[in-house]
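Peer 1: Okay, handing you the structure first.
The values are calculated or read from the model by the stated rules, or taken from the named source; none is laboratory data. Since we're looking at a predicted model, the values are computed, not measured. Quick reminder, even Gly has a Cβ in these numbers, built from the backbone with ideal geometry, and neighbours come from all protein chains shown. Areas reflect the complete protein model, heavy atoms only, side chains present, ligands, DNA and RNA absent. Shrake-Rupley method; radii C 1.70, N 1.55, O 1.52, S 1.80 Å.
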Amino acid sequence: MTAGHVVIIGAGQGGLQAAMSLRQEGHAGPITLIGAEEGLPYQRPPLSKEYLKTGEAEKLALRPAGFFDKKEITLRTGTRADAIDRAARLVRLGGEALAYDHLILATGTRNLVPPIPGVERALGLRTLDDARALREALAAPRRIAVIGGGFIGLEFAAVARTFGHEVTVAEMAPRLMARVVSPEMSARFARLHRDLGTTLELGNGVTKVTAEGVVLADGRTVAADLVLLAAGVRPNTELAEAAGLPVANGIVVDAQLRTADPHIHALGDCAVFPDPQTGRPVRLESVQAATDHARAIAKTIVGGTDEPYAGVPWFWSDQAEWKLQIAGLAAPGDESVTVGDSTVLRFAGDRLTAVETINDAKMHMRARKLLAQDAPPTRDMLAAENYDLTIA
Ligand code: FAD
């Protein structure tokens, strides 16, 4: 299908990439990109990193305004899709109905708001507007409490410490970034943040937010005049669900990233897809997943190919001077092998599942290449090389 109208709901990282990839693949028909936020599509990763330091919002735009005219992509920002009528193949925007031949759902996620009394006092960090508000708040000396020791909370904490603010991170789990990194890597990052002067409360979540600060599970109060809520996200699945598409912690798609409706794909943060390695349903919150999904979907729509999605997951997080990079996807119980000061390999039995590195781009790239192979080296093979990925 190279001439029909493709409508994309969500003008974030993945939605924009889908529009671009459709044109690159030779799609000749109209493309409409609908985004609820105002302004040009922008990158979120710098919001918890560089942007907090520099405030340079203009650097965040993924493409300049002229790009959309040049590529004949109709960009409708500040516009929310309200409903999908699958039988009539229409997207409803307020009173307007927009016909589609193919629909891509790229609606992303929003902050998870846990049922903690007073949580509405906390600020979030998801959008450029959120980041602007936080940057303004950081202009004066603050006592900061961060709810959640995941990537975003820790990146924010590291920047706040460089500005000299008092920072406490409260995490319900017994270790940092527990969902995604090995216990060994969690421990390293705990040391880093303590060395930066951040107080870590591990296994001690926030139970209440008050005008004075936050109350922890152990009953103590941490005084704070700025509270960041960074306790995870929930996928924006309501549109899909109301349209009768299966949803289970995300919009369920098959190996071709198609929903139960062959005219509708879903991608990125909002999509649950079968992990190419294990087949287990996963939902990834990463630039890699959003952009690789988008490229694969464009190929399917334009070329009619039926190839299963096979991207190797990868991710990065910048915390103070450390760049953490993760290639692959480990399950929480996977075993760890530590190599040197900066690398942890994860294994499920004999299979290499992920490689975590600190400030080692070469090793990270090598790991991505290995994990993309049809038959990556087994644990025994790697052990024989002292787990040196550069040799394997
Ligand atoms: P998004 O980019 O979130 O875009 C979804 C868009 O859909 C939103 O603009 C939303 O407003 C819009 N939308 C939703 N519903 C509707 C509707 N009904 N109608 C119209 N529009 C709608 N990833 C990394 O890999 N590395 C990092 O270091 C990293 N750092 C991050 C730091 C921060 C502060 C944040 C918030 C995220 C970070 N991420 C990082 C995650 C990464 O930004 C996301 O995984 C990526 O943006 C997902 O792309 P997406 O297209 O699925 O969703």
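Peer 1: Where in the stretch 175-233 are the strands (runs of 3 or more DSSP E), entirely inside, with at least 3 residues that are of a type in the set (A, V, I, L, M) and either modelled with pLDDT under 95 or crowded, with 21+ Cβ neighbours inside 10 Å (or both)?
Peer 2: 226-229
Peer 1: Any residue in the stretch 2-28 that's farther than 8 Å from Ile104 by Cβ: show its pairings with residues that are aromatic (Phe, Trp, Tyr) and in a loop (DSSP other than H, G, I, E, B) at Cβ separation under 8 Å, as long as the two are six or more apart or on different chains.
Peer 2: What qualifies is Gly4/Tyr100; His5/Tyr100.
Peer 1: I'd like to verify a number: residues in the stretch 238-265 that are surrounded by 15 or more Cβ atoms within 10 Å (Cβ to Cβ) and under 19 Å from the mean Cα position of the chain (by Cα), how many?
Peer 2: 7
Peer 1: Does the stretch 105-123 contain any residue that is at pLDDT 95 or above, open to solvent by 70 Å² or more (accessible area, probe 1.4 Å) and assigned to a helix (DSSP H, G or I)?
Peer 2: Yes; the residues of the stretch 105-123 include at least one that is at pLDDT 95 or above, open to solvent by 70 Å² or more (accessible area, probe 1.4 Å) and assigned to a helix (DSSP H, G or I).
Peer 1: Can you find a residue in the stretch 335-345 that is more than 14 Å from the ligand (Cβ to nearest atom), buried (at least 20 other Cβ atoms within 10 Å of the Cβ), of a type in the set (A, V, I, L, M, F, W, C) and over 18 Å from the mean Cα position of the chain (by Cα)?
Peer 2: yes
Peer 1: Ok, one more. Which fully enclosed helices (runs of 4 or more DSSP H) of the stretch 287-392 have 1 or more residues being in contact (Cβ under 8 Å) with a residue 40 or more places away in the chain and under 26 Å from Gly12 (Cβ atoms)?
Peer 2: Here the list reads 287-303, 361-372.
Peer 1: Has the stretch 43-51 got any residue that is away from the ligand (no atom under 15 Å from the Cβ), not in a strand (DSSP E or B) and not polar (S, T, N, Q)?
Peer 2: Among the residues of the stretch 43-51, not one is away from the ligand (no atom under 15 Å from the Cβ), not in a strand (DSSP E or B) and not polar (S, T, N, Q), which makes the answer no.
Peer 1: Looking only at the stretch 11-28, count every residue that is away from the ligand (no atom under 15 Å from the Cβ), in a helix (DSSP H, G or I) and either within 15 Å of Ser286 (Cβ to Cβ) or charged (D, E, K, R) (or both) and tell me the total.
Peer 2: 1
Peer 1: Just checking, how many residues over the stretch 52-82 are near the ligand (Cβ under 10 Å from one of its atoms), under 21 Å from Val7 (Cα atoms) and buried (at least 19 other Cβ atoms within 10 Å of the Cβ)?
Peer 2: So the count comes out to 2.
Peer 1: Related question: Within the stretch 21-51, track down each residue that is in contact with a Pro (Cβ under 9 Å, 6 or more places away or on another chain) and surrounded by fewer than 16 Cβ atoms within 10 Å (Cβ to Cβ).
Peer 2: Within the stretch 21-51, none qualify.
Peer 1: A follow-up question, please. Looking at the stretch 266-285, which of its residues are in contact with a helix residue (DSSP H, G or I) (Cβ under 8 Å, 6 or more places away or on another chain) and either open to solvent by 30 Å² or more (accessible area, probe 1.4 Å) or part of a loop (DSSP other than H, G, I, E, B) (or both)?
Peer 2: Matches in the stretch 266-285: Leu267, Arg283, Leu284, Glu285.
Peer 1: What are the pairs with Cβ atoms under 9 angstrom where one residue, in the stretch 91-103, is without any contact (Cβ under 8 Å) to a residue 12 or more places away in the chain and the other, located anywhere, is of a type outside the set (A, V, I, L, M) and open to solvent by 50 Å² or more (accessible area, probe 1.4 Å)? Sequence gap at least six, or different chains.
Peer 2: So the pair list comes out as Arg92/Asp82.
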